[in-house]
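Let me begin by presenting the structure, written as structure tokens, before commenting on it.
The values are calculated or read from the model by the stated rules, or taken from the named source; none is laboratory data. Only a predicted model underlies this, so the values are computations on that prediction, with no experimental measurement involved. So basically every Cβ, Gly included, is an ideal-geometry build from the backbone, and we count neighbours across all protein chains shown. In case anyone asks, the SASA skips ligands and DNA or RNA and just uses the protein heavy atoms, side chains included. Shrake-Rupley method; radii C 1.70, N 1.55, O 1.52, S 1.80 Å.
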Amino acid sequence: MDSALPTTQANAAETSGSNRRDTVTITDNRTGKSYEIPITHDTIRAMDLRQIKVNPTDFGMMSYDPAFNNTAACISRVTYIDGDIGILRYRGYPIEELAEKSTYLETAYLLLHGELPTASELRDFQQHITQHTFIHESFKKLSDGFHYDAHPMGMLISALAALSTFFTDAKDVHNAESRRKQMYRLIGKMPTIAAFSYRHSLGMPFVYPDNDLSYPGNFLNMLFRTSETRYRPNPTLEHALDVLFILHADHEQNCSANTVRGVGSSYVDPYCATAAATAALYGPLHGGANEEVLRMLMEIGSVQKVPEFIKRVKEGEVKLMGFGHRIYKNYDPRARIIKRIAYEVFDLMGKNPLLEIALECERIALEDEYFIRRKLYPNVDFYTGLIYQSMGFPMTMFPVLFAIPRMSGWLAQWEELLLDPEQKIARPRQIYLGHDTRSYVGIDQRS
Ligand code: CMC
């Protein structure tokens, strides 16, 4: 599907030695007419349906797909997922290998550039990111405008949109050099904004970036440093956070990636586009799920009460948060890695008392007909909350911890969109089933 296809292609590609034609024939039983439509990558173009009409003046056929259950909206070379067998790869590299051998910044480079960096490319990239970790002092005033218990995701969304007013060069979205610069700024500033929001909620002074530390190490510094002259992050926590950042860096066309593409397709600057993506991520069905999982485990309260809760889930009263996925119909490969990391953190910080409840939920769910039939498995959010809580993060920071690394994925998707000659401003169609035209009725005549 890399090149434009003709509308109808009767003599479509034949595989060597067979008469196979990569087309599908649709017969419209309203008219008896048949249409032969090309298939590329197991996909037909929705626009090829438009020729199917009863009368020449008809608009033509569309496809209806609420929530994009079966619609590819782009061609991408960033992330590959096979949800049936639980595979996740960034630019071809399995997530398991990246989690074990890479760092978040190297993975971010990979997502943005398509290839792993050489040593000097990585050094340059790190240098660019650390150069951009500071934020303008007026952000302190912006923070001061928020109530003491403001949710840090709300603050993050606002701060990202506010950044667009500082970097007006970001409007030049068709300039590769400008795009690169905004990417450095966004990846560099995410931890700083997040940490400032956290410190604001505690009423503690902001801690400025320490650019001698690693990306996750500096984040821990800005969050947790108190009176020490030099903050030294605990290596286990620093590594755990780095792996969690790798696991969250991208996930192909999820709700927030779709948002960054949809909003970015209007050519707005990347600060506004990623503010919108962050808002999408905030929802409890997306990145907000990790916070909801913890609330759910606390509500369940004890291992003994798990069966009762699962009963409520099966009756449709509540959801088992951290379970199920639009794409994964198998164990989420990220959840497996996270479970391992969880034990490393618990060995250091002590076991999270909610762990037993989570394990019991998982045990019962994986054996239960309801979950088996619907192919509901733990997703990335099921165990992350437990780790974050053990690391000392308040629940409201959990979605923020998802958003920080997802920035690199959003930016890779955003740039891919801008460079794709087939893309245009996102503008879906609708099936209008509302009233036909009718005349305005004055208020005194309405019953
Ligand atoms: N608990 C109980 N039942 C569920 C759950 C769940 N967590 N998830 C799906 N189902 C049921 C759902 O009720 C439906 O049942 P039925 O066929 O009887 O109507 C069936 O499974 C199919 O679900 P769906 O809602 O059609 O699936 P979806 O692809 O539209 O939704 C989802 C995917 C992730 C929104 C959903 O599974 C869910 O709400 N999970 C809980 C929230 C969550 O953990 N979100 C994090 C997702 S992973 C990280 C990320 O993307 O941000």
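Structure summary
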quantity: Hits in segment 74-94 - residues which are under 25 Å from Ile425 (Cβ atoms) and surrounded by fewer than 16 Cβ atoms within 10 Å (Cβ to Cβ); calculated: Ile75, Arg77
quantity: Total residues in segment 300-329, condition within 7 Å of the ligand (Cβ to nearest atom) and either buried (at least 16 other Cβ atoms within 10 Å of the Cβ) or small (Gly, Ala, Ser) (or both); calculated: 9
quantity: Test result for Thr57, of a type in the set (Val, Ile, Thr), closer than 30 Å to Leu433 by Cα and either modelled with pLDDT of 95 or more or open to solvent by 90 Å² or more (accessible area, probe 1.4 Å) (or both); calculated: yes
quantity: Filtered residues of segment 19-43 (kept if open to solvent by 60 Å² or more (accessible area, probe 1.4 Å) and modelled with pLDDT of 95 or more); calculated: Thr25, Thr27, Asn29, Arg30, Lys33, Ser34, His41, Asp42
quantity: Residues located in segment 233-278, provided they are among the charged types (D, E, K, R) and within 16 Å of the ligand (Cβ to nearest atom); calculated: Asp250, Glu252, Arg261
quantity: Positions within segment 137-156 being part of a helix (DSSP H, G or I) and surrounded by 10 or more Cβ atoms within 10 Å (Cβ to Cβ), in sequence order; calculated: Ser138, Phe139, Lys140, Leu142, Ser143, Pro152, Met153, Gly154, Met155, Leu156
quantity: So Arg334, is it under 30 Å from Ala72 (Cβ atoms), near the ligand (Cβ under 10 Å from one of its atoms) and assigned to a loop (DSSP other than H, G, I, E, B); calculated: no
quantity: Any hit, segment 117-134, residues being open to solvent by less than 60 Å² (accessible area, probe 1.4 Å), within 30 Å of Gln423 (Cα to Cα) and not in a loop (DSSP other than H, G, I, E, B); calculated: yes
quantity: Meets criteria (over 27 Å from Gly288 (Cβ atoms) and touching a residue at least 24 places away in the same chain (Cβ under 8 Å)) for Val243; calculated: no
quantity: Selection count, segment 207-236, where residues are open to solvent by 20 Å² or more (accessible area, probe 1.4 Å) and in a helix (DSSP H, G or I); calculated: 4
quantity: Exclusive hit being touching a residue at least 24 places away in the same chain (Cβ under 8 Å), of a type in the set (A, V, I, L, M), within 14 Å of the ligand (Cβ to nearest atom) and surrounded by fewer than 23 Cβ atoms within 10 Å (Cβ to Cβ), set Leu281, Leu285, Leu297; calculated: Leu285
quantity: Restricting segment 107-149 to residues that are in contact with a helix residue (DSSP H, G or I) (Cβ under 7 Å, 6 or more places away or on another chain) and of a type in the set (A, V, I, L, M), the residue that is farthest from Ser214 (Cα to Cα); calculated: Leu142
quantity: In segment 195-222, the residues that are of a type in the set (Gly, Ala, Ser), without any contact (Cβ under 8 Å) to a residue 40 or more places away in the chain and under 15 Å from Pro235 (Cα atoms); calculated: Gly217
quantity: Residue match in segment 364-382 (condition: in a helix (DSSP H, G or I) and within 20 Å of the chain's Cα centre (by Cα)); calculated: yes
quantity: Test: residue in segment 338-351 that is within 16 Å of the ligand (Cβ to nearest atom), in contact (Cβ under 8 Å) with a residue 24 or more places away in the chain, farther than 23 Å from Met153 by Cβ and surrounded by fewer than 24 Cβ atoms within 10 Å (Cβ to Cβ); calculated: yes
quantity: Candidates Tyr64, Tyr93, filtered to the one that is of a type in the set (Phe, Trp, Tyr) and in contact (Cβ under 8 Å) with a residue 60 or more places away in the chain; calculated: Tyr64
quantity: Residue match in segment 396-406 (condition: open to solvent by less than 10 Å² (accessible area, probe 1.4 Å) and more than 25 Å from Cys255 (Cα to Cα)); calculated: no
quantity: Close pairs (9 angstrom Cβ cut-off, 6 or more residues apart or separate chains): over 18 Å from Pro205 (Cβ atoms) in segment 143-157, open to solvent by less than 70 Å² (accessible area, probe 1.4 Å) and part of a loop (DSSP other than H, G, I, E, B) anywhere; calculated: Met153/Gly287; Met153/Gly288; Gly154/Phe146
